[in-house]
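The structure under discussion appears below in the form of structure tokens.
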Amino acid sequence: MKKIEFALTKGDYIQLSQLIKAVNIAANGAEAGVMVDDGIVKLNGAVESRKRAKIRVGDVVEILDYTIYVE
């Protein structure tokens with residue numbers, strides 16, 4: 001697993017598809033949405049199916065061989 005630490009700077013959350021795009025796992029929002037639709041994204045250990053799920057400080061997102069820690 002590759003570890004990515006993402007510092008949340010604007011507001012108190014980021015949408016899941018925006019996060020996947022922001023850390024350069026997906027080239028664009030559409031590609032990030034497909035990853036979520038395909039069921040390969042986990043939020044705090046459970047498969048997440050909402051592209052616009054609100055990701056907040058302390059959340060952990062797993063996708064492919066990446067683990068994203070939101071700080």
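Which residue, Ile40, Ile68, Asn28, has the largest displacement toward the positive end of the dipole of the chain when charges sit on each Cβ (Lys, Arg +1; Asp, Glu -1)?
Among Ile40, Ile68, Asn28, the one farthest towards the positive end of the dipole of the chain is Asn28.
Suppose we flag trypsin sites (Lys or Arg not before Pro) only when DSSP calls them loop and at most 16 other Cβ atoms lie within 10 Å. Which is the longest uninterrupted stretch of the chain?
11-49
Can you list residues whose amide H is under 5 Å from Val60's amide H, if they're 5+ apart or on another chain and H is modeled 1.01 Å from N?
Result for Val60 returns Asn44.
Would you check the chain for Lys pairs whose C-alpha atoms are within less than 20 Å, ignoring same-chain pairs closer than 8 in sequence, and give me the count?
Final tally of qualifying lysine pairs is 12.
Please compute the per residue accessible area over the chain with all protein chains in place, 1.4 Å probe, rounded to a whole number of Å².
In whole numbers, the chain has 61 Å² accessible per residue.
Keeping the other protein chains in place, figure out the carbon and sulfur percent of the accessible area of the chain, with a 1.4 Å probe.
Solvent-exposed carbon and sulfur of the chain make up 47 percent of the total.
Whose amide H sits under 5 Å from the amide H of Thr67, counting only residues 5 or more places off or on another chain, with H placed in the peptide plane?
Under 5 Å from the amide H of Thr67 lie the amide H atoms of Lys2, Lys3, Ile4, each far enough along the sequence or on another chain.
Counting only residues 5 or more places away or on other chains, whose amide H sits under 5 Å from the amide H of Ala53 once H atoms are built in the peptide plane?
Leu16, Ser17
Where does the chain land on Rg(C-alpha)/(2.2 N^0.38 Å)? Don't skip to the end; give the middle numbers.
Details: Rg = 10.6 Å, N = 71, 2.2 N^0.38 = 11.1 Å.
Against the empirical 2.2 N^0.38 Å value, I get 0.95 for the chain.
When all protein chains stay in place, what accessible area (Å², nearest 10, 1.4 Å probe) is found for Ile25?
20 Å²
Suppose only helical runs count, i.e. DSSP H with n ≥ 4. What mean residue ellipticity at 222 nm does that imply for the chain under -39500 (n - 2.57) per run, divided by all residues and rounded to the nearest 500 deg cm²/dmol?
Estimated from H runs of four or more residues: -6000 deg cm²/dmol.
The values are calculated or read from the model by the stated rules, or taken from the named source; none is laboratory data. Values in this document were obtained by computation on a predicted structure and should not be read as measured data. For neighbour counting, all protein chains shown are included, and Cβ atoms are generated from backbone atoms with ideal geometry for every residue, glycine included. Ligands, DNA and RNA are excluded from the accessible area calculation, which covers all protein heavy atoms including side chains. Shrake-Rupley method; radii C 1.70, N 1.55, O 1.52, S 1.80 Å.
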